[in-house]
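The values are calculated or read from the model by the stated rules, or taken from the named source; none is laboratory data. Everything numeric in this text was worked out from a predicted model, so none of it was measured. Ideal geometry is used to build each Cβ from the backbone, glycine not excepted, and the neighbour counts take in all protein chains shown. Keep in mind that these areas ignore ligands, DNA and RNA; they rest on the heavy atoms of the full protein, side chains included. Shrake-Rupley method; radii C 1.70, N 1.55, O 1.52, S 1.80 Å.
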Amino acid sequence: MSYQLAIFDFDGTLADSFPWFIGVLNGVADRYGFNRVRPDEVEQLRGYDARQIMRHLRVPSWKLPFIANHMRRLMARDIDGIRLFDGVPGMLRALNDRGVTVAIVSSNSAANIRAILGPEAAGHVAHYGCGASLFGKAAKFRRMLQVTGVPADRAVGIGDEVRDIDAARKLGMGCAAVSWGYARGDALAARRPDRLLTRVEEIAGLFGG
């Protein structure tokens, strides 16, 4: 069976926001009292899942909603400096042309996502599930399946972190991981996604000709 629904993560999957994230992270650490990240730790952290990162940085789970809200505000402030990965607008258009329903599930805000996408690319996205908590993606995925009426085995989650793979697997969806985002390719491969993609141009191949 071919996929009818593509549920994308946003940051690190469609938007090249990791350099921005690293640039603001230590300021956020100072504000909320967790460990700063040294330059030589970045690649190590890219090999961790979300819970391992929290333990390493000593982030209390109760602070996560406050940190997430603050990060969304910082991104809104810096929005003009964040771009889509090359090829993303054309890829979204191609999926639309093939009759694939496109959705985005992200912890980012809908306003930030739409601003970075721009009007044309945003027009190719049928549904937005925004403000997902760090470990709340499965619930947002389930809601997308309900809204669209697409069975789980005809939907695929596409993201750049281990938690994206885990959320899709929890619901019986397909899962594709992209190696150009926040997590390292080897960390994603260890979770055995259905596909590990290395270029934006490979995404359309998930949906046949």
_Peptides ranked, highest mean first, by Cβ atoms within 10 Å: ranges 76-87, 169-180_ = 169-180, 76-87
*To the nearest 20 debye, what charge dipole does region 78-209 have about its Cα centre, counting +1 at the Cβ of each Lys and Arg and -1 at the Cβ of each Asp and Glu?*
500 debye
*Total formal charge among the other residues, if their Cβ is under 12 angstrom from that of Tyr3, Lys/Arg +1 and Asp/Glu -1*: +1
*Work the Kirkwood hydrodynamic radius out for region 104-164: mean of 1/r over every pair of different alpha-carbon atoms, inverted, in Å.*
12.3 Å
_Straight-line reach only, C-alpha to C-alpha below 14 angstrom: list the aspartates and glutamates that Lys170 could link to, leaving out same-chain residues fewer than 8 apart._
Asp153, Asp194
*asked:* Per residue, how large is the accessible surface of the chain? Use a 1.4 angstrom probe and give square angstrom.
replied: 47 Å²
*Sorted largest first, extent of the chain alpha carbons per principal axis (Å)*: 48, 35, 29
*asked:* Give the separation of the Cα centroids, region 103-134 to region 12-58, in Å.
replied: 22 Å
*region 23-115 - Debye-derived log10 I(q)/I(0), Cα point model, q = 0.13, 0.14 Å⁻¹*: -0.61, -0.70
_GNM result for the chain, Cα springs below 10 Å: residue of Val28, Val42, Val150 fluctuating most strongly_ = Val42
*Which one of Glu161, Glu120, Glu41 has the biggest mean-square fluctuation once the chain is modelled by GNM with Cα springs under 10 Å?*
Glu41
*Given Cα pairs under 8 Å that are at least 6 residues apart, what percent is the relative contact order of region 28-106?*
24 percent
*Just Ile165, Ile67, Ile104 to compare: in a GNM of the chain, with alpha carbon springs under 10 Å, which one fluctuates most?*
Ile67
_Separation of the Ala115 and Lys170 label points, Cα + 7 Å toward Cβ, nm_ = 2.9 nm
*asked:* With +1 assigned to the C-beta of every Lys and Arg and -1 to the C-beta of every Asp and Glu, and no other charges, what is the dipole magnitude of region 1-153 about the Cα centre in debye, to the nearest 20?
replied: 620 debye
*Carbon plus sulfur fraction of accessible area for region 74-117, probe 1.4 Å, in percent*: 45 percent
_Only four residue types carry charge here, +1 at the Cβ of Lys and Arg and -1 at the Cβ of Asp and Glu. Report the dipole size of region 1-82 about the Cα centre in Debye, rounded to the nearest 20._
480 debye
